[in-house]
Amino acid sequence: MQDLLKKTVLLLVVAASLALLVNHLSPHGIPLIGQWDTEVGVVTADTAAAAVWMDFEIPDPQTAKQVFDAASALFVDVRSQDLFDEGHIPGAVSLPLGSFESRLEAFAADVSPKQPIVTYCSGRLCQDSHTAAQLLMERGFENVVVFIDGLPGWIENGYPVATP
Amino acid sequence: MVYRDGLRMGTLSRHPETGWRANGWLDLGLRWLLGGLFVLASAHKIMDPAAFAKIIFGYDLFPAVAINLIAIILPYIELTAGLALITGVYPRAAAVVLSGLLMGFILAISINAWRGHVFDCGCFSSGEAALWQGTPGWMLGRNGLLLFMGWSITTFRGQRKIVVRSG
């Protein structure tokens with residue numbers, strides 16, 4: 001019994017050591033502690049990415065509403081088409097992350113690279129709006145920000161929602 | 001009652017068994033199946049620990065400081081114990097480790113099914129993982145079957161086939 005316990009612990013120690021070593025060396029590695037507090041921002045395992053994101057985030061619904069009222073920015077909804085059809089920020093364009101590649105060409109043909117863009121998805125549990133913002137920037141769009149509270153935060157504040 | 005060479009040692013010889021509980025080939029088959037499944041399951045978690053961490057977060061059972069550590073270490077426990085089971089390095093200990101994991105999974109799924117907790121972040125990026133996980137009923141059934149395999153390997157009383165390091 002004691003022998004079995006010893007060998008079990010040995011297997012666990014080998015596994016944990018290997019895990020920490022590979023995580024440290026791998027480009028896919030993550031920090032030992034992540035950002036899992038929705039009060040702070042979007043939840044993510046990758047705190048380094050979160051720190052970079054902060055530079056292009058709209059951190060609260062009130063600011064997003066001001067941007068919306070100024071009427072110069074294009075809101076881009078990156079949730080699925082089904083969720084978009086159920087309701088979205090008025091004037092928003094649907095560009096689901098799931099079919100991003102196939103719809104990007106048509107989007108890029110209509111929208112100028114200088115156009116201010118606000119991406120959003122399902123709020124602080126969702127990183128899709130960040131991923132989409134990054135892809136849009138790589139595609140040459142120069143003025144992209146992320147509304148991190150997404151549609152749930154928008155609705156919570158009683159702001160208008162459009163259904164087609 | 002037939003005594004085999006492997007049973008003439010230690011306490012095992014006092015409880016010789018025949019039938020499926022002492023069938024070395026069946027034991028090997030179970031080891032390869034259980035070990036192989038865990039090695040396969042560990043692969044995509046190892047490739048994308050950030051996505052796996054999000055799934056763990058979604059269970060809403062663990063403190064924030066533990067989530068990344070679980071996401072980093074758990075897949076390697078699956079991989080190490082799975083490979084140990086396949087190659088025959090401490091197969092019994094490896095089966096104990098995997099059985100422990102399975103009991104943990106069953107407990108976590110049961111708690112969330114009981115309290116009606118379903119994590120749906122409306123994200124495209126987590127959709128694939130959710131698909132792979134399936135419904136609570138399917139996951140409990142599958143894990144229950146795997147746990148039975150783990151128990152069979154742990155309590156095996158015959159002569160094991162292909163063993164590099166016994167125990």
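Restricting things to alpha carbons, tell me how big region A:120-164 is in terms of Rg and Dmax, in Å.
Expressed in Å, the Cα Rg and Dmax of region A:120-164 come to 12.0, 34.
Using the alpha carbons of region B:25-167, what is the convex hull volume per residue in cubic angstrom, as a whole number?
Enclosed volume per residue, from the Cα hull, is 105 Å³.
Springs between alpha-carbon atoms under 10 Å, Gaussian network over chain A: tell me which of A:89, A:33, A:58 tops the mean-square fluctuations.
Checking each option, the largest mean-square fluctuation is seen for A:33.
Under 14 Å from the Cβ of residue A:81, count the other residues' Cβ atoms, weight Lys and Arg +1, Asp and Glu -1, and hand me the total.
On the way: positive: A:79, A:103; negative: A:77, A:82, A:85, A:86, A:128.
Local net charge: -3.
Most mobile of A:119, A:63, A:131 per a Gaussian network model of chain A (Cα springs, under 10 Å)?
A:63
Determine one quarter of the surface area of the Cα convex hull of region A:1-91, which equals its mean projected area, and express it in nm² to one decimal. Don't skip to the end; give the middle numbers.
Details: hull surface 42.2 nm².
Convex hull of Cα atoms, orientation-averaged projection: 10.5 nm².
With helices defined as uninterrupted DSSP H runs, which ones in chain A have an alpha carbon span along their own long axis of at least 18 Å and mean Kyte-Doolittle hydropathy of at least 0.5?
The answer, listed by residue number, is A:2-25.
Just need log10 I(q)/I(0) for region B:60-101 at q = 0.30, 0.35 Å⁻¹, Debye formula, equal scatterers on the alpha-carbon atoms, no solvent, rounded to two decimals.
Log10 of I(q)/I(0), two decimals: -0.94, -1.11.
Can you tell which of A:96, A:116, A:31 shows the greatest fluctuation in a Gaussian network model of chain A with Cα springs below 10 Å?
Between A:96, A:116, A:31, it is A:31 that shows the largest mean-square fluctuation.
Once the Cα gyration tensor of chain A is found, what semi-axes does its equivalent ellipsoid get, as square roots of 5 times the eigenvalues, in whole Å, sorted largest first? Present the calculation step by step, with values, prior to reporting the outcome.
Working: eigenvalues 308, 62, 45 Å².
Result for chain A: semi-axes of 39, 18, 15 Å.
For region A:45-140, what D do you get in µm² per second when you plug the Kirkwood radius from alpha-carbon pairs into Stokes-Einstein at 20 °C and 1.002 mPa s?
Value of D from the Cα-based Kirkwood radius: 153 µm²/s.
What are the ³J(HN,Hα) couplings of region B:80-86, residue after residue, when phi is run through the Karplus curve with 6.51, -1.76, 1.60 and θ = phi - 60°? Round to Hz, x for glycine and proline.
4, 5, x, 5, 4, 5, 5
Based on DSSP, what percent of beta bridges with both residues in the protein assembly as shown are antiparallel, to the nearest 5?
Looking only at bridges with both residues in the protein assembly as shown, the antiparallel portion is about 15 percent.
Work through the residues other than residue A:57 whose Cβ is under 12 Å from its Cβ and net out their charges, Lys, Arg +1 and Asp, Glu -1.
-2
From the helices alone, meaning DSSP H stretches of at least four residues, give me the mean residue ellipticity at 222 nm for the protein assembly as shown, per-run term -39500 (n - 2.57), in deg cm²/dmol to the nearest 500.
My calculation for the protein assembly as shown gives -18000 deg cm²/dmol from helical runs alone.
Show me, bin by bin at 20 Å from 0, the whole-percent P(r) of the protein assembly as shown based on Cα pairs.
27, 44, 22, 7, 0
Every read-out reported here was derived from the displayed coordinates using simple, explicitly stated rules and does not represent laboratory data. Just so we're clear, the structure is a prediction, and the values are computed from it rather than from any experiment. FYI the Cβ positions are ideal-geometry reconstructions off the backbone, even for glycines, and counts take in every protein chain you see.
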